[in-house]
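Okay, so here's the structure we're looking at.
The values are calculated or read from the model by the stated rules, or taken from the named source; none is laboratory data. Quick caveat: nothing in here was measured; it's all calculated off a predicted structure. With ideal geometry, Cβ positions are generated from the backbone for all residues, glycine too; neighbour counts draw on all protein chains shown. The area values use the complete protein model at the heavy-atom level, side chains included, leaving out ligands, DNA and RNA. Shrake-Rupley method; radii C 1.70, N 1.55, O 1.52, S 1.80 Å.
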Amino acid sequence: MDFYISSDKGKLNKQKIHEEVSSTYWGKGRTWEETQMTIEKSICFGMFDKNDEQIAYARMMTDGLVFAYIMDVIVFDPYKGKGLGKKLVQHILDRPDVKKVNTVALKTMDAHSFYEALGFKNVGDSKMWMSIERVKYD
């Protein structure tokens with residue numbers, strides 16, 4: 001499938017993002033204004049098909065050195081199950097400002113094996129927190 005990933009917030013289908021995210025367990029009850037705020041305050045990634053239709057979305061916050069937090073990873077129907085989510089998260093992990101971050105983290109209740117395949121490990125005994133740790137502390 002032909003697709004591309006863009007960080008241009010002007011290309012994002014904000015209404016579709018709001019509909020999709022607010023229907024998830026983690027975004028349930030998120031208002032339109034809150035969705036707008038999350039987009040405004042984050043680095044956002046839209047995945048688009050060759051016709052410029054948005055087919056997936058994710059966002060991230062980072063200081064570029066110590067910590068990056070990946071959120072709202074979602075592939076829209078009917079594109080789920082085609083490996084696009086993995087490509088989107090890998091795109092984020094491959095960014096220079098993320099590659100040098102000590103810790104990349106996220107939370108999930110139901111996608112542990114998906115993220116483990118990308119190098120994430122469970123954090124302690126948390127049922128939700130996962131991370132990639134690049135620095136060992138004594």
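General remarks:
- Taking segment 58-138 as the region of interest, the strands (runs of 3 or more DSSP E) fully inside it that hold 3 or more residues being closer than 21 Å to residue 3 by Cα are 67-75.
- Picking from residues in segment 94-117 that are buried (at least 17 other Cβ atoms within 10 Å of the Cβ) and hydrophobic (A, V, I, L, M, F, W, C), the one that is farthest from residue 65 (Cα to Cα) is 106.
- Verdict on residue 87 being open to solvent by 30 Å² or more (accessible area, probe 1.4 Å) and out of contact with any helix residue (DSSP H, G or I) (no Cβ under 7 Å at 6 or more places or on another chain): yes
- Of the candidates 15, 54, the single residue that is more than 23 Å from residue 68 (Cα to Cα), touching a Gly at 6+ places or on another chain (Cβ under 6 Å), modelled with pLDDT of 95 or more and not aromatic (Phe, Trp, Tyr) is 54.
- Scanning segment 1-38 for residues that are over 17 Å from residue 84 (Cβ atoms), part of a helix (DSSP H, G or I) and either of a type outside the set (Gly, Ala, Ser) or open to solvent by 80 Å² or more (accessible area, probe 1.4 Å) (or both) turns up 9, 14, 15, 18, 19, 32, 33, 34, 35, 36, 37, 38.
- Taking the criterion of being hydrophobic (A, V, I, L, M, F, W, C) and open to solvent by 10 Å² or more (accessible area, probe 1.4 Å), the residues of segment 40-73 that qualify are 43, 61, 65, 66, 67, 71, 73.
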